[in-house]
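Q: Quick one: the structure is below, questions incoming.
The values are calculated or read from the model by the stated rules, or taken from the named source; none is laboratory data. These numbers come from a predicted model, not from an experiment. Counting neighbours? That spans all protein chains shown, and the Cβs are built from the backbone with ideal geometry, glycine included.
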Amino acid sequence: MRVQLLRAWPHRAECVDLEVAADARVGDALDAAGWRLEGGFVALAVFGVAASRETRLHPGDRVELLRPLQRDPKQARRLRAGKAGARVGTRGR
């Protein structure tokens, strides 16, 4: 079956299409591509859903190597909302 592996860095991404056995798991696909969880990659996902090396793959799956978050998503939203509110509050004065 055909699956895709994806890893990304700031300003660069790498994608590999692989043919793996019908009973393949995430770890099998990583091994086939010669990829490891190293160099800043800390977790795995299949189409954005947390996965492990033992997660079974299905035809067309996209395995993603994930880097750690740079900022808590909730905190990032609060900061953006605060900046937007400050801009709106200063208009018309």
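Q: Yes or no: segment 23-46 includes at least one residue that is among the acidic types (Asp, Glu) and in contact with a helix residue (DSSP H, G or I) (Cβ under 8 Å, 6 or more places away or on another chain). Walk me through it before giving the result.
A: First pass over segment 23-46, keeping only residues among the acidic types (Asp, Glu): 23, 28, 31, 38.
Restricting the remaining residues to those that are in contact with a helix residue (DSSP H, G or I) (Cβ under 8 Å, 6 or more places away or on another chain) gives none.
No; the residues of segment 23-46 include none that is among the acidic types (Asp, Glu) and in contact with a helix residue (DSSP H, G or I) (Cβ under 8 Å, 6 or more places away or on another chain).
Q: Filter segment 1-54 down to the residues that are of a type in the set (D, E, K, R) and without any contact (Cβ under 8 Å) to a residue 40 or more places away in the chain and list them by number.
A: Answer for segment 1-54, where residues must be of a type in the set (D, E, K, R) and without any contact (Cβ under 8 Å) to a residue 40 or more places away in the chain: 12, 14, 17, 19, 23, 25, 28, 31, 36, 38, 53, 54.
Q: While we're here: Based on this model, can you work out whether residue 42 counts as at pLDDT 85 or above, closer than 17 Å to residue 28 by Cα and either aliphatic (A, V, I, L, M) or in contact with a His (Cβ under 6 Å, 6 or more places away or on another chain) (or both)?
A: Numbers: at pLDDT 85 or above: yes; closer than 17 Å to residue 28 by Cα: no; either aliphatic (A, V, I, L, M) or in contact with a His (Cβ under 6 Å, 6 or more places away or on another chain) (or both): yes.
Spelling it out, it is not the case that residue 42 is at pLDDT 85 or above, closer than 17 Å to residue 28 by Cα and either aliphatic (A, V, I, L, M) or in contact with a His (Cβ under 6 Å, 6 or more places away or on another chain) (or both).
Q: Pairs only if they're at least six apart or on different chains, beta carbon under 6 angstrom, first in segment 65-77 and within 18 Å of residue 48 (Cβ to Cβ), second at pLDDT 75 or above; list them, first residue then second.
A: Final answer for the pair search is 65/7; 65/41; 66/43; 66/45; 67/40; 67/41; 68/42.
Q: Quick check, is residue 61 modelled with pLDDT of 90 or more, acidic (Asp, Glu), out of contact with any helix residue (DSSP H, G or I) (no Cβ under 9 Å at 6 or more places or on another chain) and under 23 Å from residue 1 (Cα atoms)? Explain how you work it out, then say what you get.
A: On the way: modelled with pLDDT of 90 or more: yes; acidic (Asp, Glu): yes; out of contact with any helix residue (DSSP H, G or I) (no Cβ under 9 Å at 6 or more places or on another chain): no; under 23 Å from residue 1 (Cα atoms): yes.
Considered against the rule, which asks whether it is modelled with pLDDT of 90 or more, acidic (Asp, Glu), out of contact with any helix residue (DSSP H, G or I) (no Cβ under 9 Å at 6 or more places or on another chain) and under 23 Å from residue 1 (Cα atoms), residue 61 comes out as no.
Q: From the list 53, 25, 12, which residue is of a type in the set (D, E, K, R), at pLDDT 90 or above, under 16 Å from the mean Cα position of the chain (by Cα) and surrounded by 11 or more Cβ atoms within 10 Å (Cβ to Cβ)? It would help to see each step written out before you state the result.
A: Numbers: 25 fails: under 16 Å from the mean Cα position of the chain (by Cα); 12 fails: surrounded by 11 or more Cβ atoms within 10 Å (Cβ to Cβ).
Exactly one of 53, 25, 12 is of a type in the set (D, E, K, R), at pLDDT 90 or above, under 16 Å from the mean Cα position of the chain (by Cα) and surrounded by 11 or more Cβ atoms within 10 Å (Cβ to Cβ), namely 53.
Q: Could you please find all residues in segment 73-93 being modelled with pLDDT under 75 and under 30 Å from residue 37 (Cβ atoms)?
A: Result: 73, single match.
Q: Further, regarding this structure: With surrounded by 11 or more Cβ atoms within 10 Å (Cβ to Cβ) and of a type in the set (D, E, K, R) as the only criterion, which of 80, 7, 36 stands out?
A: Values: 80 fails: surrounded by 11 or more Cβ atoms within 10 Å (Cβ to Cβ); 36 fails: surrounded by 11 or more Cβ atoms within 10 Å (Cβ to Cβ).
That would be 7, the only listed residue that is surrounded by 11 or more Cβ atoms within 10 Å (Cβ to Cβ) and of a type in the set (D, E, K, R).
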